[in-house]
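See structure below.
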Amino acid sequence: MSSKNSFYVTTPIYYVNDKPHIGHAYTTILADVVTRYQREFGRETFFLTGTDEHGQKVQQSADQRGISPQEHCDDMVVHFKDAWEKLNIRYDKFIRTTEVFHKKAVQEVLQDLWQKGEIYENEYGGFYCVGCERFYTEKELENGNCPQHQKPPEYIKEKNYFFKMSKYQEWLVRYIHENPDFIRPEHRKNEVLGFLKQPLEDLCISRPKSRLSWGVELPFDTDYVTYVWFDALLNYVTGVGYRQNEQDFKKWWPADYHLIGKDIVTTHCVYWPTMLQAAGIPLPKTIFAHGWWMMDKAKMSKSLKNIVSPLDLIGSYGVDAVRYYLIRDMMLGNDANFTEELFITRYNSELANDFGNLANRVSTLIRKNYDNKIPVLTDPQDEENKIISLGRALGATVQKHVDNLDLNKATDAVIDFIRAINKYLEIRQPWKLVREDKEKTGTVLYVAAEGLRLAANLFHPLMPGKCDELIRAFPVVNPVEKYQWGQLLSGHVLGEFSTLFPRIEASKKEPMPEPKKSEDKAEDLVDFDDFLKLKFKTAKVLTAEKIEGADKLLKITVDAGSEQRQLVAGIARHYAPEEIVGKNVVIVANLKPAKIRGIESQGMILAASHKKELAVLTPDREIKPGAKVS
Ligand code: MSP
């Protein structure tokens, strides 16, 4: 954790011509979760989000609707505020770039840069993409098309104003090298450094009003408005008091994280730092670019009409489950595929089976056998001490991962802990033990209940609704010490809470015939080239569950490094789902997907078998999921 006790995080400000979809919701939930964690770790936090309301697209949409751009923005912004409220997002400020304080500060920055000679006037011809609201050089076009929109841009020649970005090229390269955390993850940093190997051009920061009037007017030439990105990026400083309240600004700036999607890396990692440097403002600490949510291998976006609305999902599964799934299933930095099936698998396996089941077991046993009072921990043995020491270490582990923005690992750690408690209960069998030894059973239930309380607290930033309900039910010594083991008060009443995550029954699908087993044959020799056609990778098993009506099959999701996959494996008679979860296995990575019992299987797990025995192959020491096997 940094020495500064304040923590400031931002999301991109969203264009108001889209309604929020999962892609937008993701960054906003991520910022919310990180902020809530940091606040609970004791830091003072500020979370800024908002809307990007100027520019050509807004003007065009307003024209189409026959209303003013401001009216259009006022209408559209409601969708964002409403979605964030329903997603339980607690931002500190929602900034709109059409607000007077922001426009005034933008103009002041422009005036300063003009006076300092950082901005100059020139005649310019370039390829302009309306979708991106930016000029492209000929080199940047793909077959003459805008690389983002795959449509031909317009060639435009006119007088404009330019920011002397090129003069900061060397400085920026040096800065990125000297500040290894400035751009994350590493592959995005390398992408930016690659981009900076080409000569950096000056940035056109004006648009003539004759073409676009919906923007912040240039203070030194009223025939022009400023380029929408120049206006938009400045929200990150104006949103915390820049040029309005220096004390506030000093308190929050520089931002700890600008969270962005991978499509807006150049604007954030090249334009923004050079603008700040020219204006004499320190740079943010980290710009973190996450991947995209994909649907059937395409980026989820309005233009491709493959949008999933977060509000529809909340309607079906509840807000906490949606927050959990989005954070859990995107490995920060990589793309993630969205399917409702994966959502349900994750939900059933981790929320219903692991977390929900633990809560249910603990509360039922305490209610039935201890008059609903927390039992006493008397004589912990080895099995108890294992859980206690895991519990003692868990808060620090989660904090370390959150500080590093590794929310996957933070979530993994809590889920693993919950699984360990469930396993511990299987060993101790308190439902049987209670008939023989009530004191020993009390110890078991104290350990399980205290573990559950701790897990609920550590999951609270992720699932505030359900976890609040749980946390309120547990009597504790001191709520401030919520991440410490041993807070639970014996003899006090365990409060009520509803079933946390009822299982989702997936709609029954047409059963497909089981795949035919190849008959044992004498081994045929193959060419080396044929062997090379197969690609093998390591993959970590994230979830596993039995498939109804197919006693040999497990449905498994794995982390294969750059992506997640779903596999159907014929190992259910040899491995219980919880036994295989967490294992690093080897998969055939380039098999065409096949449907087995109506469920898509994207690859195979390698296993050795002999007569009735079967063992999956695993690397014999720790290695990253996705490592090539050759
Ligand atoms: N207005 C600019 C940002 C200005 S910030 C100073 C903008 N807006 S946007 O609404 O188009 O996109 C906002 C963010 O949503 C981007 O970070 C973008 O990557 C993200 N997403 C849009 N679709 C996405 C997915 N399908 N998946 C994940 N995030 C994606 O760009």
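Residue-wise test of (1) modelled with pLDDT under 70; (2) of a type in the set (V, I, T); (3) over 21 Å from Y347 (Cα atoms).
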site	(1), (2), (3)
K482	no, no, yes
V493	no, yes, yes
K517	yes, no, yes
K552	no, no, yes
* To do: Look through V33, V58, V77 and report the one residue that is away from the ligand (no atom under 13 Å from the Cβ), of a type in the set (V, I, T), assigned to a helix (DSSP H, G or I) and in contact (Cβ under 8 Å) with a residue 60 or more places away in the chain.
  => V33
* Structure fact -> Going through region 584-616 in order, the residues found to be surrounded by fewer than 17 Cβ atoms within 10 Å (Cβ to Cβ) and assigned to a loop (DSSP other than H, G, I, E, B) are N590, L591, K592, P593, G598, L606, K611, K612
* Right, M275: crowded, with 17+ Cβ neighbours inside 10 Å, touching a helix residue (DSSP H, G or I) at 6+ places or on another chain (Cβ under 7 Å) and not in a loop (DSSP other than H, G, I, E, B) or not? -> yes
* Filtered residues of region 202-250 (kept if of a type in the set (A, V, I, L, M, F, W, C), within 16 Å of the ligand (Cβ to nearest atom) and in a loop (DSSP other than H, G, I, E, B)) -> I205, L212, W214, V216, L234, V240
* Asked: Could you say whether any residue in region 292-315 is under 23 Å from N404 (Cα atoms) and either in contact (Cβ under 8 Å) with a residue 24 or more places away in the chain or touching a Gly at 6+ places or on another chain (Cβ under 6 Å) (or both)?
  -> yes
* Which one of the conditions (1) surrounded by fewer than 19 Cβ atoms within 10 Å (Cβ to Cβ); (2) within 34 Å of the chain's Cα centre (by Cα); (3) modelled with pLDDT of 75 or more; (4) not acidic (D, E) does S507 fail to meet, given that it meets all the rest? -> (3)
* To do: Would you mention how many residues in region 366-389 are free of Cβ contacts under 8 Å to residues at least 40 places away in the same chain and over 21 Å from P475 (Cβ atoms)?
  => 5
* Asked: Which of (1) modelled with pLDDT under 95; (2) within 14 Å of the ligand (Cβ to nearest atom); (3) over 21 Å from Q148 (Cα atoms) is the odd one out, the single condition K262 does not satisfy?
  -> (3)
* **Residue among P284, P254 that is more than 17 Å from the chain's Cα centre (by Cα), in a loop (DSSP other than H, G, I, E, B), crowded, with 21+ Cβ neighbours inside 10 Å and within 16 Å of the ligand (Cβ to nearest atom)** => P284
* To do: Would you confirm whether any residue within region 208-215 is closer than 20 Å to T137 by Cβ and loosely packed, with under 13 Cβ neighbours inside 10 Å?
  => no
* Asked: Is there any pair linking a residue in region 256-281 that is more than 22 Å from P199 (Cβ to Cβ) and touching a residue at least 40 places away in the same chain (Cβ under 8 Å) to one that is among the acidic types (D, E) and more than 12 Å from the ligand (Cβ to nearest atom), with Cβ under 7 Å and at least six apart or on different chains, and which?
  -> A279/D112
* To do: Under 9 Å between Cβ atoms, at least 6 apart or on separate chains: pull out the pairs that start in region 446-467 with a residue that is within 14 Å of L494 (Cβ to Cβ) and end on any residue that is polar (S, T, N, Q) and in a helix (DSSP H, G or I).
  => A448/N422; A449/S363; L452/S363
* Asked: Exactly one of (1) under 29 Å from F46 (Cβ atoms); (2) touching a Ser or Thr at 6+ places or on another chain (Cβ under 8 Å); (3) in a loop (DSSP other than H, G, I, E, B) is unmet by P199. Its number?
  -> (1)
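May I ask you to list the residues in region 562-575 that are under 18 Å from P593 (Cβ atoms) and either modelled with pLDDT of 85 or more or polar (S, T, N, Q) (or both)? Give the derivation first.
As a first pass, look at region 562-575 and keep what is under 18 Å from P593 (Cβ atoms): 562-570.
Within region 562-575, S562, Q564, R565, Q566, L567, V568, A569, G570 meet the criteria.
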* Structure fact -> Within region 3-27, restricting to residues that are among the hydroxyl-bearing types (S, T, Y) and either more than 9 Å from the ligand (Cβ to nearest atom) or more than 18 Å from the chain's Cα centre (by Cα) (or both), the one that is surrounded by the most Cβ atoms within 10 Å (Cβ to Cβ) is Y8
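Kindly evaluate V109 against the criterion of being crowded, with 16+ Cβ neighbours inside 10 Å, part of a helix (DSSP H, G or I) and out of contact with any strand residue (DSSP E or B) (no Cβ under 6 Å at 6 or more places or on another chain).
Working: crowded, with 16+ Cβ neighbours inside 10 Å: yes; part of a helix (DSSP H, G or I): yes; out of contact with any strand residue (DSSP E or B) (no Cβ under 6 Å at 6 or more places or on another chain): yes.
Yes: the conditions hold for V109.
Among the candidates W84, W114, single out the residue that is crowded, with 19+ Cβ neighbours inside 10 Å, in contact (Cβ under 8 Å) with a residue 24 or more places away in the chain, assigned to a helix (DSSP H, G or I) and not hydroxyl-bearing (S, T, Y).
Details: W114 fails: crowded, with 19+ Cβ neighbours inside 10 Å.
Of the residues listed, the single one that is crowded, with 19+ Cβ neighbours inside 10 Å, in contact (Cβ under 8 Å) with a residue 24 or more places away in the chain, assigned to a helix (DSSP H, G or I) and not hydroxyl-bearing (S, T, Y) is W84.
Residue-by-condition table, conditions (1) over 15 Å from E40 (Cβ atoms); (2) touching a strand residue (DSSP E or B) at 6+ places or on another chain (Cβ under 8 Å); (3) of a type in the set (S, T, N, Q):
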position	(1), (2), (3)
L394	no, no, no
N404	yes, no, yes
A413	yes, no, no
R419	yes, no, no
Y424	yes, no, no
R428	yes, no, no
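The values are calculated or read from the model by the stated rules, or taken from the named source; none is laboratory data. This structure is a prediction, so every number in the text was calculated from the model and none was measured. Every residue, glycine as well, gets a Cβ built from its backbone with ideal geometry; the counts of neighbours run over all protein chains shown.
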